[in-house]
Amino acid sequence: MLYEGYSGWEPNLPRARRIGETMTATERDTTRLTRHARGGGCACKIPPGELETIVAELLAPQPAHPHGPSLGEQPGRGLTPPSPNGELVIGLDDGDDAAVVCVEGGRAIVATADFFTPVVDDPYDWGRIAATNALSDVYAVGGTPVVAVNLLAWPRQTLPMDLAREVLRGGLDVARAAGCHVAGGHSVDGPEPVYGMAVTGLADPERLLRIDAGRPGTPISLTKPLGVGVLNTRHKATGEVFPQAIEAMTTLNRDASLAALAAGARCATDVTGFGLLGHLYKLARASGVTAVVDVAAVPYLEGAREAVRDGHVSGGTRRNLAWVAPHLDAGRFGEEDLLLVADAQTSGGLLIAGEIPGAPVVGELVPREPAALRLI
Ligand SMILES: Nc1ncnc2c1ncn2[C@@H]1O[C@H](COP(=O)(O)OP(=O)(O)OP(=O)(O)O)[C@@H](O)[C@H]1O
Ligand SMILES: [Mg+2]
């Protein structure tokens, strides 16, 4: 995930505090983590169209740089080294969730990194959410996380360091629950708090969940309800806490991934900042199919629709909708429903091509139509 930038951070905050110092009420308000970031969670991702433009540059043949190593011009994909140490089986071509490389011994190594600005005010919960989200991309390709390193930026002049400690504690607790070591990291002083992890996992190369493996005639299942985006936006604006959103964002996608593999699924992705519509569009495009969404079957967290009606919609959600609009047959649905299905999720569930016990079927993949997405 790319991090959008540094603008908009809270001015006039108190001096740096030492661990253990008590806070005044005013200071407690200024230590509301979401006030220190313009965006929040996966809603702070670079919009999908802009991201794909810069990533496409990486895929293009790379001319030799006059001051770079003399590897010469690459004939094919720019990212392939002349003498690779492993076979790349999932790379950048379709914007899949994680990179997968086959190595000696018939195992596959899964690599991914994710970090973002605060999505809730509670530092421990934010740590748990960010770690659950970082681990999710390993599960989304059918892997098992093995080791993670923390990625942390902290405005140490304006936010107490003991909050950073709580963030890391939350991340550690989630990784432990996932059976994944946290064995290091990197930390910098920055204007906005940013936290996440780089995670390495293992997978069976014959049993991967790929974004390009969807086939017509397959139902689409969604393993977590939508709506965390609008509830987080409401939380940032009002301070109201939504335990149902925190519960959803801290639920590991491990069981969903295992259930998908057990059901014989071969195609999945996780629903994060580009929303259900954005991620489903990527899946349909990569698989050469159209995805039909049964809007009435899409589950939402309690309070999500009300939050949209009250205007708590992030810029990221509106950008998601604009991005998919040229590829969307929206049928009879109006703005409220469209904003809900495009809602930028943080640490959302898996979108699986296949039927999974306990997960609602929210649509179906069909042969490619003029529009890659159709709502019914
Ligand atoms: N700076 C970058 N350089 C190279 N590739 C990138 C960069 N940023 C993103 N990508 C790639 O672009 C694709 C889409 O990125 P995105 O962050 O949406 O995927 P993701 O990791 O599945 O996100 P999420 O964690 O929200 O599920 C991925 O394949 C990702 O590896
Ligand atoms: Mg992903």
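The values are calculated or read from the model by the stated rules, or taken from the named source; none is laboratory data. If you're wondering where the values come from, they're calculated on a predicted model, not measured in any experiment. All Cβ positions, even for glycine, are placed from backbone atoms using ideal geometry, and neighbour counts span all protein chains on display.
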Count - residues of region 176-229 that are touching a residue at least 60 places away in the same chain (Cβ under 8 Å) and assigned to a loop (DSSP other than H, G, I, E, B): 22
Can ARG332 be described as assigned to a loop (DSSP other than H, G, I, E, B) and modelled with pLDDT of 95 or more? yes
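Residues to consider are THR317, THR269; find the one that is in contact with an Asp or Glu (Cβ under 8 Å, 6 or more places away or on another chain), part of a helix (DSSP H, G or I) and crowded, with 24+ Cβ neighbours inside 10 Å.
Within the list THR317, THR269, the selection yields THR317.
Give the residue, chosen from VAL366, VAL295, that is of a type in the set (Val, Ile, Thr), surrounded by fewer than 22 Cβ atoms within 10 Å (Cβ to Cβ) and in contact with a Pro (Cβ under 7 Å, 6 or more places away or on another chain). So that I can check it myself, show each step before the final result.
On the way: VAL295 fails: in contact with a Pro (Cβ under 7 Å, 6 or more places away or on another chain).
Matching residue, one of VAL366, VAL295: VAL366.
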Search region 278-291 for residues being of a type in the set (A, V, I, L, M) and more than 15 Å from ligand 2 (Cβ to nearest atom), and hand back the single one that is surrounded by the most Cβ atoms within 10 Å (Cβ to Cβ). ALA291
What number of residues in region 124-146 are away from ligand 2 (no atom under 14 Å from the Cβ) and within 14 Å of ARG107 (Cβ to Cβ)? 2
Residue identified as near ligand 1 (Cβ under 9 Å from one of its atoms), small (Gly, Ala, Ser) and modelled with pLDDT under 95 among GLY95, GLY76: GLY95
So for region 200-215 (the condition being surrounded by fewer than 21 Cβ atoms within 10 Å (Cβ to Cβ) and at pLDDT below 95), does at least one residue qualify? no
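Does ASP96 fit the bill of being among the charged types (D, E, K, R), within 13 Å of ligand 2 (Cβ to nearest atom) and at negative phi?
Considered against the rule, which asks whether it is among the charged types (D, E, K, R), within 13 Å of ligand 2 (Cβ to nearest atom) and at negative phi, ASP96 comes out as yes.
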Give all pairs with beta carbons closer than 7 Å in which a residue from region 112-131 that is free of Cβ contacts under 8 Å to residues at least 60 places away in the same chain meets a residue that is surrounded by fewer than 24 Cβ atoms within 10 Å (Cβ to Cβ); count only pairs at least 6 apart in sequence or on separate chains. TYR124/GLU166; TYR124/ARG169; TYR124/GLY170
Conditions (1) within 16 Å of ligand 1 (Cβ to nearest atom); (2) part of a loop (DSSP other than H, G, I, E, B) -> ASN232 fails only (2)
